[in-house]
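Written out below as C-alpha cells is the structure these notes cover.
The values are calculated or read from the model by the stated rules, or taken from the named source; none is laboratory data. These figures come from a predicted structure and were not determined experimentally. Virtual Cβ from ideal backbone geometry, glycine too; neighbours counted across all protein chains shown.
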Amino acid sequence: MVENPVSRPARPGLSGMRLEVVFLGGLAVLLGLATALLAYAFHWCIENGMAERGFTVVLRLATGEAWALPLDPSHPWAYFLVLGLPALGLLLAAGLVRLLAGDAPGHGVAGIMEAVALRGGRLRVRPALARVLASVLTIASGGSVGPEDPNVQIGATLGSWLGQRLRLSTEQVQTLAACGAASGIAAAFNAPIAGVFFAQEIILGEFTVGGLSMVVLSAVSASVVNRILRGENPAFLIPEYSLRSPWELAFYLGLGLLAALVSALYVRGLFVLEEFFHRWKVPFWLQAAFGGLVVGAVGLAFPQLFGVGYETMDTLLRGEEMAIGVLLALLLLKPLLTAVTLGAGGSGGVFAPSLFIGSMLGGAFGQAIGRLFPQATAPPPAYALVGMGAVLAGAVHCPITAIFLLFEMTRDYHIILPIMFCAVVSTLLARRLTPGSVYTGRLARRGIYLHLGRDLNVLEMVTVEEAMSRDLETVRPETTLEELGRLFEQSAHHGFPVVDAEGRLRGIVTLTDYHRAIEEGQGSTVGEICTANPLTLFPDQSLHEAMCLFSARDVGRIPVVSRDDPQRLIGLLRRYDLIRAYNKGLARRAEMERRIQQMRLTSHRGGELLTLELPAGAAAAGYAVRDLHLPLGTIIVAIQRQGKNLIPRGDTTLQEGDSLVLMVDRPETAGQVRALLLEGRGLPRGEDVRHGEYVLSATSPVVGKRIAEAGLPDGSLVLEIRRGGRLLIPHGDTVLQAGDRVLVAAEAGELPAVERCLLGGRPR
C-alpha cells in the first residue's frame, strides 16, 4: 500500500493535524498549477484550431488566403467549408467519446457533481480525457458551446486521480476534485474567487472551513499561473458603468424577471433537444452530421454564434452599437445552437452560452429602456453586463458564483449592485419555473436528485407504509363528546380518525376540536365537530413528501388511505413516526453506500458501475429482480425510482422509468445487460423460476472448486455469494469456500439437483 501522511492514522496532537493540513495544502497548490497549465494547453488548441475571427486556419488551407466572416462571395468553396466544418467536428467529437468513454457515467459538470455526491469523488481518467479532446474538436469546428466544462473536467479528474493514487479518504478525494474544479474555473475565466464559490456552491454543495481553505489555495495557484501565461487583463475590457439612480433598480427588476424566464426556457430547451436526439433512432454519426449542418447553416447567417462568442460579447460591452433586431435574433438562436451542438454529440460547457444569451438579452432590454427613458438609465452595455450575470444565475441556480464571476471578468465594482439584485431575482424565479438547474436537472432526468450537493433527504428512502401505525384507535361519527373525552384521557394520542360502520374514513378529530366544542357548547357527537375530508397520504409516498405536508399544513397526524380506494383507512402517520423512521432512512443510505463501496473494493479489477434507465416498453419492466437471469459478474446495487432510492431485493419488481445502478465485471458484460433489460434477450419467458440459498460447509463437494467446475445443472444461475459479511459478484472462475452463502436461481425441478451439487445431498 502506498503510504502518505494522510492515509495512515494521524498521531495524537496538533503535529499530526498540521502534517495532514500541510500535505493536503501542498497537493491543492500543485493541483492548481497543473490544472492551469493543462487548461492553457486546452485553450491553445482551440485558438489555433479555430480563430473566432473566421476559421482562419481552415480557410487558409483551402484558398491560400485568410478570410474573415462574412466570406467573400468570390470564394464559394469557403461557404461549403464553413457549412460542413461543424458537421465534421461533431462527427469526430461524438466518435471519440463513443470510442473512449463508451457509457461511462457523467456529463461534464453534472457528472462531477454526481461523482462527488454519490461515488466519493472518484472520476475515471479515460472518459474525461475523451470529453476534453471532444470539446477541442467541437469548439474549434464552430460548435456553440463554452470552454468551462472541459476546464472543470480537467481539474476535477486530475484531483480525483491524485487522491485515488495516494489512497486518500473519500472526503479528501472529494475535496481534491472540488479543488480541481475551482482551478478549472479560475483558469477559464481568470476568476479565482468565482472558482472558489463554484466549487463550494455547485460541486461540494456546502461550505466547510477545511474544504474552503484547500479550494482557495488551488484556485489562487491556478490563477497565478494563468495570469503569467495569459496576462493580467480581465476577460472583458469595458468602460465604467454605474447605477444612475436608485429608481433605475425598477428597470433592473424587469431585467431580472426576463432573465429568469429566458434561463428557464434555455434549460428546458437543452433537455428537450437532448431527449429528441436520444430518442431519434438513427446512427450516432448521422445525428452528429445533422446537428453540425444545422450549426453551420445558422452560422453562415449569424457567424457570431460560432464557438464561444467572447468577441461578440466584448464588442457589445465596449459600447459598439448592434441593432436591436440582431440582438434579438442572437438571443433566440444561441440557445438553439447550444442545445443542438450538445444533443448531436458535441462536448462543451453551458456557462459561456449563458453569458452570451444574457448579454444579448440585456443589450436589447437596455436599448428599449434607453429609448423610452433616455435621461434616467445607464447605457445599454451596462444592462448587457447585468443580463450576463442574471441569466447565468438563473441557469445554474447559484447567484454568488454568477456575481463574483461577472465582477472578476470585468473588474468593474460600480455596477455590482444591479448585478447582485438581478442575479438574486433571476435565481428565485428560475427555481420556481425549473426546479432543477442546467446541471441538477440533467441528473434528475436520470433519477438522481441532489440537494445542496448531497443525495436527497434520507426520508426519501422510506415509504409512508413502512412508518405508519397500523394498530389504529378510531372513533365513530356517533360517538358522544363525553366518550371522546374519556378516550383522550385514557390515550396518549391527541387525535383519532373518524370511520363509519364499514370502516370508511369520514374525518379526523383532535384534542383541539374537543376543547373548542366544550368551551363553545357546539355539537354533541364526533361527527358534528370533526374535520371532514381531511388531508390524506398514500402508502407508497415517501416520508419526504409526508414531511412537506406536515410542515405546510401544521398538522400532527395524517390518515393513510388506499390508493385504489381513497376512503379505506389503512394506517395513521404521526409526527413522531417521522423521527422514528429517520434512523431507518440513515441505515438504508448507509447500506446503499456500503454496497457501492463493496462493489468498488471487490477483487474484480475490471469492474465498473453502470447506470441504466428503463424507458417505456423496456422488456424487464414487470420482472422481479430474482427472475432476471443477469449475466455472471453483474449485480444491481441500487434502484432510483421517482426520486426515491431503493435497495433492491429479490422480490423488488422493476418499473418503467426506473434508473438502475449496476456493477458489471467487464465492459462486454454491459452490452449483455442492456440487451437483457431493454430488449429482453435472455429473459425467462413463462418458466417457473425458483430460488435457493445454500450455506457451504467444510465437507461440501464444491468447496475449493471454481463455479464453472461445480457441475451445476443447466438452467441454474448463481446470483450472489456472501462471504464473511462481504457481497461478491460471482464469476465462472470464482472459487467457492466453506461458509459461503450462495444464492441460486433455477428453473422448476432443478433446485433438488442444485442442492445435491452444492451440499452433497444433505438437507439444508
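Results for (1) buried (at least 20 other Cβ atoms within 10 Å of the Cβ); (2) at pLDDT 85 or above; (3) of a type outside the set (Ser, Thr, Tyr); (4) not in a loop (DSSP other than H, G, I, E, B), shown as yes or no for each residue.
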| residue | (1), (2), (3), (4) |
| --- | --- |
| Leu59 | yes, no, yes, yes |
| Leu88 | no, yes, yes, yes |
| Ala115 | yes, no, yes, yes |
| Gly121 | yes, no, yes, no |
| Ala130 | yes, yes, yes, yes |
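Taken together, Leu257, Leu249 contain a single residue that is at pLDDT 90 or above, in a helix (DSSP H, G or I) and out of contact with any strand residue (DSSP E or B) (no Cβ under 9 Å at 6 or more places or on another chain), which is Leu257.
Okay, residues lined up against (1) hydroxyl-bearing (Ser, Thr, Tyr); (2) within 20 Å of Arg626 (Cβ to Cβ); (3) over 35 Å from the mean Cα position of the chain (by Cα); (4) at pLDDT 80 or above:
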residue	(1), (2), (3), (4)
Gly682	no, yes, no, no
Val703	no, no, yes, yes
Arg706	no, no, yes, yes
Gly711	no, no, yes, yes
Asp714	no, yes, yes, no
Gly725	no, no, no, no
Leu728	no, yes, no, no
Asp733	no, no, yes, no
Leu759	no, no, yes, yes
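In summary, Gly346 fulfils each of the numbered conditions (1) touching a Leu at 6+ places or on another chain (Cβ under 7 Å); (2) not in a loop (DSSP other than H, G, I, E, B) with the single exception of condition (2).
Restricted to the range 462-581, the set of helices (runs of 4 or more DSSP H) holding at least 3 residues that are aromatic (Phe, Trp, Tyr) is empty.
Screening Ala368, Ala378 for residues that are modelled with pLDDT under 85, surrounded by fewer than 24 Cβ atoms within 10 Å (Cβ to Cβ) and either within 26 Å of Gly319 (Cβ to Cβ) or not assigned by TED's automatic domain parsing to the domain that holds Ser263 (or both) leaves exactly one candidate, Ala378. Any residue that is in contact (Cβ under 8 Å) with a residue 60 or more places away in the chain and either touching a His at 6+ places or on another chain (Cβ under 8 Å) or at positive phi (or both) - is there at least one of those in the range 157-174? So far as the range 157-174 goes, yes, one or more of its residues are in contact (Cβ under 8 Å) with a residue 60 or more places away in the chain and either touching a His at 6+ places or on another chain (Cβ under 8 Å) or at positive phi (or both).
The single condition from (1) surrounded by 15 or more Cβ atoms within 10 Å (Cβ to Cβ); (2) within 17 Å of Val350 (Cβ to Cβ); (3) at pLDDT 85 or above; (4) under 26 Å from the mean Cα position of the chain (by Cα) that Leu305 fails is (4).
When the range 175-202 is filtered for residues that are at pLDDT below 85 and assigned to a helix (DSSP H, G or I), the ones remaining, listed by number, are Ala188, Phe189, Gln200, Glu201, Ile202. Determine whether Thr510 is modelled with pLDDT under 75, buried (at least 16 other Cβ atoms within 10 Å of the Cβ) and either assigned by TED's automatic domain parsing to the domain that holds Gly732 or touching a Lys or Arg at 6+ places or on another chain (Cβ under 9 Å) (or both). Spelling it out, it is not the case that Thr510 is modelled with pLDDT under 75, buried (at least 16 other Cβ atoms within 10 Å of the Cβ) and either assigned by TED's automatic domain parsing to the domain that holds Gly732 or touching a Lys or Arg at 6+ places or on another chain (Cβ under 9 Å) (or both). Only residues that are out of contact with any Gly (no Cβ under 9 Å at 6 or more places or on another chain) and surrounded by 15 or more Cβ atoms within 10 Å (Cβ to Cβ) were counted in the range 661-673, giving 3.
Of all residue pairs spaced 6 or more apart or on separate chains, those with beta-carbon atoms under 7 Å, a first member in the range 281-301 that is outside the structural domain of Gly95 (by TED's automatic domain parsing) and a second member that is polar (S, T, N, Q) and buried (at least 24 other Cβ atoms within 10 Å of the Cβ) are Gly291/Thr341; Val295/Ser144; Val295/Thr341.
Suppose the filter is polar (S, T, N, Q) and either free of Cβ contacts under 8 Å to residues at least 24 places away in the same chain or farther than 21 Å from Tyr40 by Cα (or both); does Ser213 pass it? Considered against the rule, which asks whether it is polar (S, T, N, Q) and either free of Cβ contacts under 8 Å to residues at least 24 places away in the same chain or farther than 21 Å from Tyr40 by Cα (or both), Ser213 comes out as yes. Could you list all residues from the range 541-563 that are surrounded by fewer than 17 Cβ atoms within 10 Å (Cβ to Cβ), modelled with pLDDT of 80 or more and among the charged types (D, E, K, R)? Selection gives Arg563 alone. Condition first: in a helix (DSSP H, G or I) and at pLDDT below 90. Can you find one or more residues in the range 349-364 that meet it? Within the range 349-364, one or more residues are in a helix (DSSP H, G or I) and at pLDDT below 90. Scanning the range 411-433 for residues that are surrounded by fewer than 23 Cβ atoms within 10 Å (Cβ to Cβ) and either at pLDDT below 85 or over 25 Å from the mean Cα position of the chain (by Cα) (or both) yields Arg411, Asp412, Tyr413, His414, Ile416, Leu417, Met420, Phe421. When we screen Gly453, Gly436, Gly441 for residues that are modelled with pLDDT under 85, surrounded by fewer than 21 Cβ atoms within 10 Å (Cβ to Cβ) and touching a Phe, Trp or Tyr at 6+ places or on another chain (Cβ under 7 Å), the only hit is Gly441. Checking the range 152-159 against the condition returns no match, with no residue being in the same structural domain as Asn226 (by TED's automatic domain parsing), modelled with pLDDT under 90, of a type in the set (Ser, Thr, Tyr) and buried (at least 24 other Cβ atoms within 10 Å of the Cβ).
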